Structures are given as structure tokens and as C-alpha cells.
Amino acid sequence: MSLLRALRLCLVARPRRCPRRGLGPGSDLPFSVMHLPLPPTPIRLHPSPPPPSLPLRGPALEGPLLLQSPEPWHSFHAGRWLSSSASSKELLMKLRRKTGYAFVNCKKALEACGGDLKKAESWLHKQAQKEGWSKAAKLHGRKTKEGLIGLLQEGNTTVLVEVNCETDFVSRNLKFQQLVQQVALGTMLHCQSLKDQLSSYSKGFLNSSELSELPAGPETEGFLKDQLALAIGKLGENMSLKRAAWVKVPAGFFVGSYVHGAMHSPSLHNLVLGKYGALVVCETSEQRADLEDLGRRLGQHVVGMAPLSVGSLDDEPGGEAETKMLSQPYLLDPSITLGQYVEPHGVSVVDFVRFECGEGEEAAEAE
């Protein structure tokens, strides 16, 4: 009898409010039920007739409360497509791998687009572009002394580009290097689109604003300025598309090239990256196998000696301060001039382009 009395006392004890999910406003639970271990999921309460052996007394309750698990979690979020299903997780992983954006942003994109992968990818790029432009505006004015020179050569066309950032750390990031590649490809497509009849070589330059307005390429939406904004949004540093140069040559010419501290990446195709770059335009009466090596040595000289003009083979040899290329001491053999090195090869040097990453920033600061 004492056990039965104890059970009755517990059941008729003063009720307390229960804030647990699954109970409507003002629902009461007996003290004894409040101390029962609660399941990890929300509960729903259903009254049922009391057992005949335990009549209830005290506060009005129609019967003991039965615990029942509700519907799965995702049924409480009508309109949200994303559940714990394997297909949804697979879409999320696929979008993450394809775009490189954070899982949180990929999930938002899929939810906003109803699980459509293509629409979600486009949504992500648009959002990132907006955020990138906002971040670019905030970072505008911060110095960009670091970065990379990119060299790209296809057929008779060669381009040299410079893209700047704030730190050398970011310049080693693959996303930044992919931006340099996009700028080089955009410049290459621009140069190839120019319908000119080449009787001699042609050379051109693009400044920062001209580069920004170039299309990003056949497989990429928007312009190079849009790709710049995306990169700023992802990497969080100020960046700039500084300049580009291109050279096209007909038969009877070749372009020697050199990039100092060259870096090659399998994912960047035939793009070469470094801190210094040079193109040397040469005229030759015959195409030989050694011209590539000769062109590389001429490019090395231009990077190391920084000439200001080509000069002539008839010019007097100069010293270390000489600025005419052919009159300078040859970088790899200072006992002779560059003109004396080139002449036996039957090659005429007619022009060159030299890029040094970050050059001119000191002068701009002084102004």
C-alpha cells in the first residue's frame, strides 16, 4: 500500500509549466513527468484514458501523458529543399568542388535555386561579384607592390601581362595565379581578333582601364574587371590589372622570351609566371633549332641589364651604365657586347619589351 500511496502522491503533485518544443502554450506537466529523461527529439502529447488501477485525483488531467516522436526534422521546414538525403549532400559537395566557395554559401545557393545546380552556380558567382565589388571599394587605395608577370605564347602571338596584389603570400595562391591566366588569355584573344596584314612585326600595349574592359573569355562570363572583383572577394586583398603587351610576328621573325624565377603549374597550361619578364623581337633569314635558346639568352640579358633602346651594331661599346642594348656588356660574358654575341648567329634584334613586377610604384608614391 505504501508504494501505491507514493505513486498517487507523485501523480497529483502540483503541475509545472513545460517550455519544451511540441507542447502548446500553457500546457502543464505533472512534477513527476518533468523529471523523466527527455528524448533528443521534440515530443507531442496525446491524452488517453487513465488505467483503472490508478485513479487520478487533484488537478484536472484527463489521463497520463504518452510520449510520441513527431515527424522528421525536415518536415517542420516546409519550402526548404535541403534535407539529409544522400542526393542533396552529393549536390552540395559537387557545387563546393566546382566553385570553391564555402559550404554555407553553397547551401544557401542550392536552397535559393531549389536544388538546381546550374542556377546555384550562377547565383554564387553573382553574389560573390557583388561582395567582391563591395570589398574592392573598401580596399581601394591600398598599395599593390607585389604580384606576378605572366607570359603566354600561342603560334605567332606572344603576350606579357602584369597583375598586382598587396603581399607575396597572395601572389603564390592558385586563385591569384588563375586570375593572371585569365588576364593573359583575355589579352591573347584581343590580339588575335585584330585583323592586320603582317608584313612586319606588330606590337601593342594595354593599360589598366583597357585591360579591365576586355572580355574574360569564351568560357567565362563578363569582363576581366568582374574576374578581378571575384578574386578580391575571395582573397581579401586589393589587386589591380596593371598592364599588358603583345607582339605578333610574320614569317622571317621570331620572339625570344624569358621569365625570371619562372613558375609552371599543370593547371595553368602553358602560362609561365615570375617577377620579371622580357620579349625580344628578332629577324632571321632562316628558322633553326637553336633560335629558342638564343631568344631565351637575349631575354635574360634584357631582364638583367634593363636597356632602354636597341641601338645599332655600329655603336661604340659602352660600360655598365650603357642603356643601348647592343652596346651593353653581354650579361653572360661581359668581355664582349651583346651585339658581338648576336652577330655571328645571323640574327637582327629589332625590338624588346621588359616588365618588372611593381616597377613605377615608388615614383607614383613620390608624386
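The values are calculated or read from the model by the stated rules, or taken from the named source; none is laboratory data. What you see is a predicted model, and the numbers here were worked out from it, not measured in a lab. Positions of Cβ are generated from backbone atoms using ideal geometry, with glycine treated the same way; all protein chains shown enter the neighbour counts. With ligands, DNA and RNA removed, areas are computed over all heavy atoms of the protein, side chains included. Shrake-Rupley method; radii C 1.70, N 1.55, O 1.52, S 1.80 Å.
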### Query
Of 94/175; 118/234; 175/225; 203/234, which pairs sit farther than 23 Å apart, going by alpha carbon to alpha carbon?
203/234
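May I ask you to work out the translational diffusion coefficient for the stretch 174-235 at 37 °C, viscosity 0.692 mPa s, via Stokes-Einstein with Rh from the Kirkwood sum over Cα pairs, reported in whole µm²/s? Numbers along the way, then the final one.
Values: Rh = 12.6 Å.
The diffusion coefficient I find is 261 µm²/s.
If you filter the stretch 190-281 for GluC sites (Glu not before Pro), then keep DSSP loop positions with at most 16 other Cβ within 10 Å, what is left? Could the numbers behind the result be given before it?
Values: sites: 210, 213, 219, 221, 237; in loops: 213, 219, 221, 237.
Those that pass, being in a loop and sparsely packed, are 213, 219, 221.
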#### Entry: Heavy-atom accessible area ranking, 1.4 Å probe, most first, across 246, 123
123, 246
#### Entry: Sites matching GluC sites (Glu not before Pro) across the stretch 262-306 that sit in DSSP coil, with at most 16 neighbouring C-beta atoms within 10 Å
286
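Given R₀ = 35 Å, what would the calculated FRET efficiency be for residue 315 paired with residue 198, taking r from the Cβ atoms and rounding to 0.05?
On the way: r = 29 Å, r/R0 = 0.82.
Efficiency, rounded to the nearest 0.05: 0.75.
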### Task
Decide, for the stretch 249-367, between rounded, prolate and oblate: order the square roots of the alpha carbon gyration tensor eigenvalues as a ≥ b ≥ c, take rounded if a/c falls under 1.5, and otherwise choose prolate if a/b is larger than b/c, else oblate.
oblate
#### Entry: In Hz, Karplus ³J(HN,Hα) per residue of the stretch 310-318 (6.51, -1.76, 1.60; θ = phi - 60°; x = Gly, Pro)
7, x, 9, 5, 7, 5, 5, x, x
### Query
For the pair residue 220 and residue 251, how long in nm is the line joining their label points, each one 7 Å along Cα→Cβ?
3.5 nm
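For residue 154 and residue 292 in the same chain, what is the full-extension length gain: residue separation times 0.36 nm, less their Cα-Cα distance, in nm? Working shown, then result.
Values: separation 138, 0.36 × 138 = 49.68 nm, distance 1.43 nm.
My answer for the length gained is 48.3 nm.
Ranked by accessible surface with a 1.4 Å probe, highest first, in what order do 350, 163 come? Write down the numbers at each step before the final one.
Details: 350 50, 163 0 Å².
Most to least solvent-accessible, the answer reads 350, 163.
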### Query
What is the distance, in nm, between label points placed 7 Å from the Cα along the Cα-to-Cβ direction at residue 260 and at residue 343?
2.8 nm
### Query
What full-extension length gain, to one decimal in nm, is calculated for residue 116 and residue 213 as 0.36 nm per residue of separation minus the Cα-Cα distance?
31.8 nm
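Between residue 356 and residue 90, 0.36 nm times their residue separation minus their Cα-Cα distance comes to what? Can you show the working numbers first?
On the way: separation 266, 0.36 × 266 = 95.76 nm, distance 4.56 nm.
Separation in residues times 0.36 nm, less the Cα-Cα distance, equals 91.2 nm.
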